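Written below as structure tokens is the structure these notes are about.
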């Protein structure tokens, strides 16, 4: 199966998952379910691509460390967001969309939330598509080892940051979390997310020699730093008491030792 064929089949898998999510979200009136599907969308791409490749084109099913990386990321993220959102009302982002859509809520949710996420998820799957269309017999190259190390560092950082923030909130912590990684970055979980995707992209690039693999980390970096990640959270954080002092002492994104208090 060539790259375009696999992208088509994989994107169809993502779209089907998002359409199912749209139906469920319409029934429970909570479009926040799309956040839970962000990780599984990559598994839907993988399943559809592998299923079509093996069942239609007769290609062998690949077993590759890169796919293990993808699976670990997708499962952890889905479980984390699912537990975090369980039993809670619709996220204020989607509630705001719902108010603006008025009587066109179904169309708005379908196109602005679920199908838009499907499009972004398909772009994010570029590295996986390259991986699946590359010979699986390639020995480990130095670039693959480097990519795997970067991925592991990002994965552990995101997991630790999410756990630290959840622990802070569960103890009723007030103000901004400054524990662990959160003392070094205002968004260490997002930094870990970007880092692991660059590790994954480098791994696939070294394995395949195709720079298309870097489309995935470029998309996630753009989303987190320029669209819905850091900018959105920063806007909401600025409205809270103590943000100026917190921002002065704590790096915005890249983890860095916190600054000490002002001396007079």
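Computed values, structure above
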quantity	calculated
Subset tally (residues that are more than 21 Å from the chain's Cα centre (by Cα) and either in a helix (DSSP H, G or I) or within 17 Å of residue 228 (Cβ to Cβ) (or both)) for the range 79-96	2
Residue check for residue 224: surrounded by 13 or more Cβ atoms within 10 Å (Cβ to Cβ), touching a helix residue (DSSP H, G or I) at 6+ places or on another chain (Cβ under 7 Å) and more than 30 Å from residue 135 (Cβ to Cβ)	yes
Yes/no for residue 119 being modelled with pLDDT under 90 and touching a helix residue (DSSP H, G or I) at 6+ places or on another chain (Cβ under 9 Å)	no
Of all residues in the range 26-35 being in contact (Cβ under 8 Å) with a residue 60 or more places away in the chain and either buried (at least 19 other Cβ atoms within 10 Å of the Cβ) or touching a strand residue (DSSP E or B) at 6+ places or on another chain (Cβ under 8 Å) (or both), the one that is farthest from residue 79 (Cα to Cα)	31
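A quick yes/no check of all residues on (1) farther than 22 Å from residue 96 by Cβ; (2) surrounded by fewer than 23 Cβ atoms within 10 Å (Cβ to Cβ); (3) within 19 Å of the chain's Cα centre (by Cα); (4) at pLDDT below 95:
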{"position": "1", "(1), (2), (3), (4)": "yes, yes, no, yes"}
{"position": "5", "(1), (2), (3), (4)": "yes, yes, no, yes"}
{"position": "13", "(1), (2), (3), (4)": "yes, no, yes, no"}
{"position": "24", "(1), (2), (3), (4)": "no, yes, no, no"}
{"position": "37", "(1), (2), (3), (4)": "no, no, yes, no"}
{"position": "40", "(1), (2), (3), (4)": "yes, yes, yes, no"}
{"position": "44", "(1), (2), (3), (4)": "yes, no, yes, no"}
{"position": "48", "(1), (2), (3), (4)": "yes, yes, no, yes"}
{"position": "57", "(1), (2), (3), (4)": "yes, yes, no, yes"}
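The values are calculated or read from the model by the stated rules, or taken from the named source; none is laboratory data. Computed from a prediction, not measured in an experiment: that's the story for all the values here. Note that we place each Cβ from the backbone using ideal geometry, even for glycine, and neighbour counts take in every protein chain shown.
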